[in-house]
1. Tell me which label goes with the value of semi-axes √(5λ) of the Cα gyration tensor in Å computed from the coordinates here: [x] 23, 22, 18; [y] 21, 18, 18; [z] 37, 19, 16.
2. Please report, as a whole percent, how much of the solvent-accessible surface of the chain comes from carbon and sulfur atoms (probe radius 1.4 Å).
3. Checking the a/c ratio against 1.5 first, then a/b against b/c, what shape does the Cα gyration tensor give for the stretch 1-107?
4. How much net charge surrounds H58 when only the other residues with a Cβ under 9 Å from the Cβ of H58 are counted, with Lys and Arg +1 and Asp and Glu -1?
5. Using a probe radius of 1.4 Å on heavy atoms only, what accessible surface per residue do you get for the stretch 117-170? Whole Å² is fine.
6. Could you do me a favour and compute the accessible area per residue for the stretch 42-110, 1.4 Å probe, result in Å²?
Amino acid sequence: MLQALATVTRPGPRVSLAPEILDAVTEALRGPFRLRVRYKSDDAPARVLEPHGVLLGHRTYLVARDPAKGDLIRTFRLDQILSAEVLDESFAMDPAFSMERFAARSFGVWQDPAQFGPVAWRFAPHAAERAAGFRFHPSQRLEWQADGGLIVRFEAAGWLEMAWHLYQWGDAVEVLEPKGLRALVEGHRRGDFGSMP
């Protein structure tokens, strides 16, 4: 909304989204109405989705149930939705579903249930104050260390998005857990960045 007022903009790269797809998703969410989409390929069979929300990040995802595949709430990249038609069919939103809880299962927007679990990062003393100013995750807990360092703990999935973010911190952050994320960033920590996020 703020961007539409032309007083706020978000610099940097972002995925292009078709305005007609955004309009259809917005209308379907307001209903709520079912949405018929072609996803990833013009040759793909049409899917009828029940939209529950949108996740904003470096990519934008539609959060929806695909009733043909069961009750599981799934994510669909908006830039991969090739066509969208709002149907004159209302549906009952899942009363147990919460966008906040759904989003909190991941660090960014990608969710991998196999990766969900405890995360712990240790920021060096020279980066601790800067790191304390970030809200990395809604469940984060900060633990100040005797040497001035900071450990940030939370539970989430999405190691690749975590690795992308951690790279910006160079060698000022160390992954304590999970081991899979630690292995992913090992060898990519640098000490020559001129500033931190």
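The values are calculated or read from the model by the stated rules, or taken from the named source; none is laboratory data. All figures in this text were calculated on a predicted structure; none of them were measured in a lab. As a convention, Cβ positions derive from the backbone with ideal geometry for all residues, glycine included, and neighbour counts pool all protein chains shown. Quick note on the areas: whole protein, heavy atoms, side chains included, nothing else; ligands and nucleic acids left out. Shrake-Rupley method; radii C 1.70, N 1.55, O 1.52, S 1.80 Å.
1. [z]
2. Here it works out to 53 percent.
3. It comes out prolate by the Cα gyration axes.
4. For residues surrounding H58, the net value is +1.
5. 47
6. Heavy-atom accessible area per residue stands at 54 Å².
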